[in-house]
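Here the structure comes first, spelled out in structure tokens, and everything after it is commentary.
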Amino acid sequence: MKIEKSKINYSIGKNTSKNIYKVIPVTKDNLPKELETKFSDQIRSGIFGGESGQSFIDESERIIYLGLGNSNKVSIRSVAQIFLSIGEKLRKWDSVGLEIKLTRFLTKTLSPSSLVYQIANSIDLGAFPINVLTKDFKDKKLKFGNVSFVLEDPNAEKSAKVGLDKSRAVSKYVNGARYISHLPANHFTPEEFVSRSKEIAKEAGLKITVMDEPQLKKEKMGGILAVSQGSDKKPKMIVLEYNPPKAKSKKKLALIGKGLTFDSGGISIKPAQDMHEMKYDMCGAAAVIHAIGAIAELGISVPVIAAIGVAENMPDAAALKPGDVYTAHNGLTVEVQNTDAEGRLVLGDVLSYIGKKYKPDYMVDLATLTGAIIISLGHEAAGVMSNSDKLRGLLDEASASSDERTWNLPLWEEYGEDLKSDIADLRNIAGRPGGSLSAAKYLERFVDSGIDWAHIDIAGTAWRKKASGTQIGNGPSGYGVRLLVDLAEKLEKNRGV
């Protein structure tokens, strides 16, 4: 299970390959004259008019025209979504290359660096198959032609190259997160999480520490241990460390991920319908370990720690029961009133451990934590709950530049009032109203004072049925990798301030 590099070779400039199609993005209100002249009947009859997402192929000239819609509505997000489908086409074709024309209008309206970065990302995501356990995947050897970007404005080439270089590093880690997230629980266990983390550590030159069950007991990681009681798969905590030799920022960033390789709900078992999707309950951990790999490969000059709690939540005679009380890493006792609210038990221990041992300045956790966040935000954005205006602002900037959408939600004290227990320090649920917010208030109890912390609930964005913007559909999206990479970049630019 290795980190797969993109099989597509990218470049800036004319594509000299023979088997290529030229790709020309066009706007609805400014169609090229040669297109209007040659295909006037098709345009008049509505076969192609430059509507967003429309495509038209001139086979005689081997040109693909891509509709971008009205010019005043063109954005990197809308362009990126269209190129996801281009990547899917390349996957079905054999050794076909592309020469993508970027007009002055596009590179003047949009950042050339961001535009090329997200187009290349989209092509790589679309071209990357996730049906890896099928006979078709094993039998079919994918072959791709070269993909080049031709910029009408030569002054934009330098910026475009920066975006392309960034994509080469990032897209393979986004696809890596998608790959392991899509594997079923019998193919990707906590032990496989260790193997994958070691691969990333080797690839990116990271220090890795793995805690098995004996070490977890020694460190009094009661939450992780409690969740895993009903499974024959032993829990883990994995820590990856990136220490750039000449860090521009002395402040440390900690990334924390929830890694439930399968969540049945435990004794509080989930409904059977769609339970198979609970293999995706480790998408936060997948994003975190792949994000630190990308950060290291890009050489971003910020110290980063990535830590994940990994377990499987299953019901059996030894499983955690509703009403049971356990002691967390920070000494708090927790009454578990619902064993399906288990992710916060795992995260609580990891947040506490990393806070005490590494004393990070910034700490961000990613978790498919609550179905309530999907009720609030659908599948278009992840919910951010933070104790820090500074960190919230940095995440807003990273969300805007990465196009991994986030939305800020309150962390008011009132949302934690119903976490009071009559037998322990707190209970793990507080009822349905504001479920995402009370979950965040629970996690806050495990964050040491002085740490700027943000919780990002990615339950609605980690996997999706249809594409939206830079997020691919029909399975895991790899959400969070690009967001965390850009967060590290913002910290580097601001020297951690």
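Observations on the structure shown:
- Every condition in (1) modelled with pLDDT of 95 or more; (2) under 30 Å from F137 (Cα atoms); (3) of a type in the set (G, A, S) is met by G53 except one, and the failing one is (1).
- Lone unmet requirement of (1) touching a strand residue (DSSP E or B) at 6+ places or on another chain (Cβ under 9 Å); (2) more than 24 Å from I43 (Cα to Cα); (3) in a loop (DSSP other than H, G, I, E, B) for G53: (2)
- Options K258, K234, K251; residue that is over 20 Å from S195 (Cα atoms) and of a type in the set (K, R): K251
- Candidate set from region 370-391 (those that are over 22 Å from Y280 (Cβ atoms) and in contact with a Leu (Cβ under 8 Å, 6 or more places away or on another chain)); member that is most open to solvent (accessible area, probe 1.4 Å): N387
- Scope region 355-390; condition farther than 20 Å from L345 by Cα and either of a type in the set (K, R) or in a strand (DSSP E or B) (or both); matching residues: K359, Y362, A382, K390
- For region 182-207, a residue qualifies if it is of a type in the set (D, E, K, R), open to solvent by 10 Å² or more (accessible area, probe 1.4 Å) and under 17 Å from K236 (Cα atoms), and the qualifying residues are E191, E192, K198, E199, K207.
- Residues in region 417-440 that are without any contact (Cβ under 8 Å) to a residue 40 or more places away in the chain and either surrounded by 20 or more Cβ atoms within 10 Å (Cβ to Cβ) or within 28 Å of the chain's Cα centre (by Cα) (or both): L419, A430, P433, S438.
- Condition check for L394 on (1) open to solvent by less than 20 Å² (accessible area, probe 1.4 Å); (2) outside any helix (DSSP H, G or I); (3) more than 29 Å from M314 (Cα to Cα): one failure, at (2).
- From the list G450, G469, the lone residue that is without any contact (Cβ under 8 Å) to a residue 12 or more places away in the chain, of a type outside the set (K, R) and surrounded by fewer than 22 Cβ atoms within 10 Å (Cβ to Cβ) is G450.
- Region 68-97 residues that are farther than 25 Å from E404 by Cβ, paired with ones that are in a helix (DSSP H, G or I) and open to solvent by 30 Å² or more (accessible area, probe 1.4 Å) (beta carbon under 8 Å, 6 or more apart): S71/F105; S71/T109
- Residues of region 397-416 that are closer than 30 Å to I119 by Cα, without any contact (Cβ under 8 Å) to a residue 40 or more places away in the chain and not in a helix (DSSP H, G or I): W407, N408.
- The set of residues in region 213-233 that are under 26 Å from the mean Cα position of the chain (by Cα) and either of a type in the set (D, E, K, R) or closer than 26 Å to N474 by Cβ (or both) contains only K233.
- For first residues located in region 343-356 and crowded, with 24+ Cβ neighbours inside 10 Å, partners that are of a type in the set (S, T, Y) and lie 6+ apart or on another chain with Cβ distances below 8 Å form the pairs G343/T368; R344/Y442; L345/Y326; G348/Y442.
- Check on S249, surrounded by fewer than 24 Cβ atoms within 10 Å (Cβ to Cβ) and over 26 Å from V336 (Cα atoms): yes
- Restricting the first member to region 17-30 and to residues that are in contact (Cβ under 8 Å) with a residue 40 or more places away in the chain and assigned to a loop (DSSP other than H, G, I, E, B), and the second to residues that are surrounded by 20 or more Cβ atoms within 10 Å (Cβ to Cβ) and not small (G, A, S), the beta-carbon pairs closer than 9 Å and six or more apart or on different chains are S17/E99; K28/L68.
- Scanning region 66-104 for residues that are out of contact with any Asp or Glu (no Cβ under 8 Å at 6 or more places or on another chain), in a strand (DSSP E or B) and within 21 Å of S159 (Cα to Cα) returns L98, E99, I100.
- Selection status of Y358, out of contact with any His (no Cβ under 9 Å at 6 or more places or on another chain), modelled with pLDDT of 95 or more and among the hydroxyl-bearing types (S, T, Y): yes
- Residues satisfying the criterion are present in region 24-31 (criterion: touching a helix residue (DSSP H, G or I) at 6+ places or on another chain (Cβ under 7 Å), acidic (D, E) and farther than 30 Å from H187 by Cα).
- When S114, S159 are screened for being of a type in the set (S, T, N, Q) and closer than 23 Å to I458 by Cβ, only S114 passes.
- Residues being crowded, with 17+ Cβ neighbours inside 10 Å and in a helix (DSSP H, G or I) - total across region 127-158: 3
- Exactly one residue out of Y179, Y173, Y117 is open to solvent by 50 Å² or more (accessible area, probe 1.4 Å), part of a helix (DSSP H, G or I) and within 28 Å of A488 (Cα to Cα): that is Y179.
- The sole residue among K33, K7, K2 that is at pLDDT below 95, closer than 19 Å to G163 by Cα and surrounded by fewer than 17 Cβ atoms within 10 Å (Cβ to Cβ) is K7.
The values are calculated or read from the model by the stated rules, or taken from the named source; none is laboratory data. Keep in mind the model is a prediction, meaning the values are calculated, not measured. Please note: Cβ atoms are built from the backbone with ideal geometry, for glycine as well, and neighbour counts cover all protein chains shown. Protein only, heavy atoms only, side chains kept; ligands, DNA and RNA dropped before computing areas. Shrake-Rupley method; radii C 1.70, N 1.55, O 1.52, S 1.80 Å.
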